Amino acid sequence: MSRARNSADRPTEPVEVGIESIAAGGDGVGRLDDGRVIFVPRTAPGDRVRARVVRDRGRWLRGEVVARLEDSDGRRAAPCPLFESCGGCQLQHLPYRLQLEAKARRIGDALRRIGGLDVADPPVEAAPDEFRYRNRMAFSLRRLRGGRVVAGLHDRIRPGRIVEVDEECLLPEPRVGEAWAALRRAWGRGARLLPPGRELRLTLRGVEGGSLLAIDGGRPGGDASELVERVSSIRAIWHRTAGEAWRLLAGSEACVDRIAEHRFRVGPEAFAQVNGAVAARIQRAVLQEMGRVPGARVVDADCGGGLYGRRLAAHGAQVVGLELDPGAASVAREEAPDGFTVVEGPTEATLESVLPADRVILNPPRVGLHARVPELLREARPERIVYVSCDPSTLARDIARLGDGFRLRRVAAFDLFPQTAHVETVVTMDAVSPTNEEPCAT
C-alpha cells in the first residue's frame, strides 16, 4: 500500500482504505496498513475507497476520494445536487438514522475518553424535520468583473471559492429559502441595490411575517427601500460596514420571532438557535432538569436572550443571567419578570460575584468553559449544574475539570443540526453528598 512520506502537503500516490467510522467533523475514518489514520470526507462506514492524500501530518492523513471501490449499505445518494462541492453539510450521504447513531457514538466516546466517565452512547433525539429547518442562513456575495455576481456558500475544498446557491439548498426554512431566491432575482445587475463593495455577507433570519436581512461589509449605498418593495417578504434590512454599528436601512425595527411560547425581538445580532423546533425541546429538557425552583438561587450563564432565566423567574426562582453580548443582554432585560436580572460581561469575570447559587445553567460557545469557571464551581458546589453543550469534546473536558465533587446524573442529546456533524447535548450534574447516590441516566 502506498504511503505519503513527506510532512508537506504534496501530492502522493493514491491509497486504498476501508472506512470504519465517522469522525467529529463528519469525515470518514480509515486506517492504513502502517497504522496511520486517514480522514476522508463524504465517505461512510463500510465504504472502500481509493483516496488521494492531500495532507500528511505524520500520524494522520487527510484524503479526497478518487474512486469508490465498494459502497457501504450505510450510504445514500445525497439529496442536494451541490453536496460534493458545498461546505454547508457533511452528512447528507448517510441515511438520517445513521447520522443520529454517528452523533451518539461521538458523544459517548468523548465522555469516556476525555471525561473519564463510564457511560453508554446516549440516544440522540431526532429533529422533526431533517431538511428545511434553519431559521437563519448566512450567504457570501462576491462581485466580479463585468457586472457579474456570485453568491452562495463556501466551497468545502477551496473555502476562498463561493459555490453558487439559488434554490438548491435544502437547509433553510421555507420562509428563508424563498426570501433568498427572491432576493437574488431582485437585487439587479451587479447587485446594484445592495451596498457597494467586492465582498458582502448576507444573513437572512426568519421573523414573523417573513425574513430580516443583515448585510455585513461593503460601503454605504445601494437602494434598500427599492429592495424591500421588490421583495415583500423581507421585513427589514440592516447594514454594517467594517468597524461601525448596525444601521437600519429599510423596513421595521420591531421584528419578532417565537420559540415555543417565548416571543422575542430579532435584530441583526440577536442570537437564537437556528432550529426552533429542536430548540424548544432542549428548553423543555433544561427546565425539567432544574426541578422545582420556588425560592431557589439560579445562575443562567451565557444566558443570551434570557429564555431559561425568564421561565425560571416566572416560577419563583431568583435568577441572575450572565451575558457577554450587550445586544443579547438588552433583549434579555426587555420586560423581564420579577426575580430575573442580567449582569453584562464574560462568565469567567462575573460568575464569582453571583455565587453561591443553588443551581447553575451553563450554555457556553463551542470552545466550552473558560478554565476559571469550573474552578469557581468546584469551590461553590451548587447542588445541581445543567450544562448545554454544542461540542462533545469541550463538554467532556469541562466535566473532567469539575472533578469528583459532582456526579453525572443524566445525558440527553438532540439533533439541532441535521445533515451536519454538529450535535447538542444536555448534561445534568449533582453535587456529591452522602444522600446523592443516584446513578447516571441517559
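The values are calculated or read from the model by the stated rules, or taken from the named source; none is laboratory data. The model shown is predicted, which means the values in this text are computed figures rather than measured ones. Don't worry about glycine lacking a Cβ; one is built from the backbone with ideal geometry, like all the others, and counts go over all protein chains shown. Ligands, DNA and RNA are stripped out before the accessible areas are found, and what is left, the full protein with its side chains, is counted by its heavy atoms. Shrake-Rupley method; radii C 1.70, N 1.55, O 1.52, S 1.80 Å.
Among the residues of region 191-203, those identified as within 24 Å of the chain's Cα centre (by Cα) and either buried (at least 16 other Cβ atoms within 10 Å of the Cβ) or closer than 13 Å to residue 135 by Cβ (or both) are 200, 202, 203. Within the set 206, 188, 210, the sole residue that is free of Cβ contacts under 8 Å to residues at least 12 places away in the same chain and buried (at least 16 other Cβ atoms within 10 Å of the Cβ) turns out to be 188.
Could you pull out the residue among 297, 333, 263, 281 that is open to solvent by 40 Å² or more (accessible area, probe 1.4 Å), without any contact (Cβ under 8 Å) to a residue 12 or more places away in the chain and either in contact with a strand residue (DSSP E or B) (Cβ under 7 Å, 6 or more places away or on another chain) or not charged (D, E, K, R) (or both)?
Exactly one of 297, 333, 263, 281 is open to solvent by 40 Å² or more (accessible area, probe 1.4 Å), without any contact (Cβ under 8 Å) to a residue 12 or more places away in the chain and either in contact with a strand residue (DSSP E or B) (Cβ under 7 Å, 6 or more places away or on another chain) or not charged (D, E, K, R) (or both), namely 263.
Please specify each residue of region 81-105 satisfying the condition of being buried (at least 20 other Cβ atoms within 10 Å of the Cβ) and part of a loop (DSSP other than H, G, I, E, B). Across region 81-105, the qualifying residues are 82, 83, 88, 89, 90, 91, 92, 93, 94.
Note on region 336-353: residues that are open to solvent by 30 Å² or more (accessible area, probe 1.4 Å) and small (Gly, Ala, Ser) total 3.
Against the list (1) open to solvent by 40 Å² or more (accessible area, probe 1.4 Å); (2) farther than 18 Å from residue 147 by Cβ; (3) more than 21 Å from the chain's Cα centre (by Cα), the condition residue 237 fails is (1). Restricting region 38-66 to residues that are open to solvent by 30 Å² or more (accessible area, probe 1.4 Å), among the hydrophobic types (A, V, I, L, M, F, W, C) and out of contact with any Pro (no Cβ under 7 Å at 6 or more places or on another chain) leaves a set whose member that is farthest from residue 102 (Cα to Cα) is 54.
Could you pull out the residue among 254, 242 that is at pLDDT below 95 and touching a strand residue (DSSP E or B) at 6+ places or on another chain (Cβ under 8 Å)? I'd like the intermediate steps shown before the answer.
On the way: 242 fails: touching a strand residue (DSSP E or B) at 6+ places or on another chain (Cβ under 8 Å).
Matching residue, one of 254, 242: 254.
You will find that of 318, 273, the residue that is more than 16 Å from the chain's Cα centre (by Cα) and either open to solvent by 10 Å² or more (accessible area, probe 1.4 Å) or on the phi < 0 side of the Ramachandran plot (or both) is 318 and no other.
The requirement of being free of Cβ contacts under 8 Å to residues at least 12 places away in the same chain and either within 26 Å of residue 168 (Cβ to Cβ) or in contact with a strand residue (DSSP E or B) (Cβ under 9 Å, 6 or more places away or on another chain) (or both) is not satisfied by residue 62. Applying the criterion of being in a helix (DSSP H, G or I) and touching a residue at least 40 places away in the same chain (Cβ under 8 Å) to the residues of region 372-396, the residue that is farthest from residue 427 (Cα to Cα) is 373. Of note, residue 278 does not satisfy the criterion of being within 26 Å of the chain's Cα centre (by Cα), modelled with pLDDT under 95, of a type in the set (A, V, I, L, M, F, W, C) and within 26 Å of residue 172 (Cα to Cα).
Report yes if residue 348 is of a type in the set (D, E, K, R), touching a residue at least 12 places away in the same chain (Cβ under 8 Å) and either in a loop (DSSP other than H, G, I, E, B) or out of contact with any His (no Cβ under 7 Å at 6 or more places or on another chain) (or both), otherwise no. When the stated conditions are applied, residue 348 does not pass them.
Within region 240-260, being free of Cβ contacts under 8 Å to residues at least 60 places away in the same chain, open to solvent by less than 90 Å² (accessible area, probe 1.4 Å) and not aliphatic (A, V, I, L, M) holds for 240, 241, 243, 246, 251, 252, 255.
Go through the residues of region 359-371 one by one and say whether even a single one is open to solvent by 40 Å² or more (accessible area, probe 1.4 Å), modelled with pLDDT of 95 or more, assigned to a helix (DSSP H, G or I) and closer than 30 Å to residue 171 by Cα. Checked against the condition, which is being open to solvent by 40 Å² or more (accessible area, probe 1.4 Å), modelled with pLDDT of 95 or more, assigned to a helix (DSSP H, G or I) and closer than 30 Å to residue 171 by Cα, region 359-371 yields no hits at all.
Total residues in region 172-185 satisfying the condition of being of a type in the set (A, V, I, L, M, F, W, C), in contact (Cβ under 8 Å) with a residue 24 or more places away in the chain and surrounded by fewer than 22 Cβ atoms within 10 Å (Cβ to Cβ): the figure is 1.
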